[in-house]
1. Across the range 56-84, what is the total count of residues that are assigned to a loop (DSSP other than H, G, I, E, B) and touching a Ser or Thr at 6+ places or on another chain (Cβ under 8 Å)?
2. If the requirement is being touching a Lys or Arg at 6+ places or on another chain (Cβ under 7 Å), surrounded by 11 or more Cβ atoms within 10 Å (Cβ to Cβ) and either assigned to a helix (DSSP H, G or I) or modelled with pLDDT of 85 or more (or both), which of these qualifies: S53, S49?
3. Can you tell me which residues in the range 38-83 are in contact with a Leu (Cβ under 8 Å, 6 or more places away or on another chain), among the acidic types (D, E) and over 28 Å from R20 (Cα atoms)?
4. Cβ contacts < 7 Å: first residue more than 16 Å from S45 (Cβ to Cβ), restricted to the range 60-75; second residue surrounded by fewer than 13 Cβ atoms within 10 Å (Cβ to Cβ), any location; separation 6+ or different chain. Result?
Amino acid sequence: MPAFMAALMGAGEAWQHVVRVLHEVCGARGMLEKVLGNAMKLGISPYDSVYVSLAMERGCGLLSFDGELKAKLGGRVPDGFWLD
């Protein structure tokens, strides 16, 4: 388990709830680590990272009207990632 995951697990009840929900939503083994890792690496919320990470993992595009999210990610996502 990555160090940041261990830290989150020991960070209190609220964070433990976030980790449990993300684990349920992401389902696939290892996806939780990718979601939280991408959130930290890309500077986006774990909520946004669920969608971004799943789209990246599945190799599909993402439809979003969130201009702030698009600006934060800039060129750090593959060409054709954003569906307009």
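The values are calculated or read from the model by the stated rules, or taken from the named source; none is laboratory data. Note that this is a predicted model, so its numbers are computed, not measured. As a convention, Cβ positions derive from the backbone with ideal geometry for all residues, glycine included, and neighbour counts pool all protein chains shown.
1. Going through the range 56-84 one residue at a time, the tally reaches 0.
2. On the way: S49 fails: touching a Lys or Arg at 6+ places or on another chain (Cβ under 7 Å).
Matching residue, one of S53, S49: S53.
3. Those that are in contact with a Leu (Cβ under 8 Å, 6 or more places away or on another chain), among the acidic types (D, E) and over 28 Å from R20 (Cα atoms): none in the range 38-83.
4. Pairs found: G61/G80; G61/L83; L63/L83.
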